[in-house]
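Nothing in this text is a laboratory measurement; each read-out follows from the coordinates by a stated rule. Given the structure is predicted, the values throughout are model-derived calculations rather than measurements. Note: ideal-geometry Cβ built from the backbone for every residue, glycine included; neighbour counts use all protein chains shown.
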């Protein structure tokens, strides 16, 4: 009985240490296309195959997981570090359509939404619940980070805003229910940008007008001077 308990405890610890720290940075354009940089890591001794819980740790498995007609894989980097006994993976991709991300195996548990209106865009990125893993003790130690950079100003969100970037932070324990990231984005150029364009146009017009007035004065001056010379027979 004690041996069975010890074995179960060992399996539990192995499972616990096998979890993945995950970070995703996305640049999302107003037309629904964009780019994404994904990084994740785990302990080296956990990697006994090509993947752990759907996360690939070989080039071929990563390509398989992110393969989709609307996704272009730009870069794959797998690094094993002996100093801290971890393996780190980085994947850079471009995507044509935010809605079609779930066609790739890597995003099969994701539900994206991108509703475009004349003045605003309603964005949401939902990770479907995984209660079987979330209820295990210690899952709050394994973090999930999501950054989304938008073209327009952020009007409102349930994340943390820094300029046009919104950041969300969760843990695997939060997957006891769906994780929903939401934001409302301005679909128009900022007023500051328009003002800058208008100001630049006014300045250019002013310079041209000033140059023309100067040229007109010079023409008038030399014309009067010429008339003066003629009147005095010079």
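For residue 59 and residue 77, the difference between the fully extended length at 0.36 nm per residue and the C-alpha to C-alpha distance is 5.7 nm. Counting neighbouring Cβ atoms within 10 Å and putting the fewest first, the residues 123, 107, 53 line up as 53, 107, 123.
Per residue, the convex hull spanned by the alpha carbons of segment 39-171 comes to 141 Å³.
Spin-label pair residue 188-residue 85: with each label point 7 Å from Cα along the Cα-Cβ axis, the two points sit 5.9 nm from one another.
Using the beta-carbon distance between residue 115 and residue 48 and R0 = 41 Å, what value does 1/(1 + (r/R0)^6) give for FRET efficiency, to the nearest 0.05? Efficiency computed from Cβ-Cβ geometry: 0.45.
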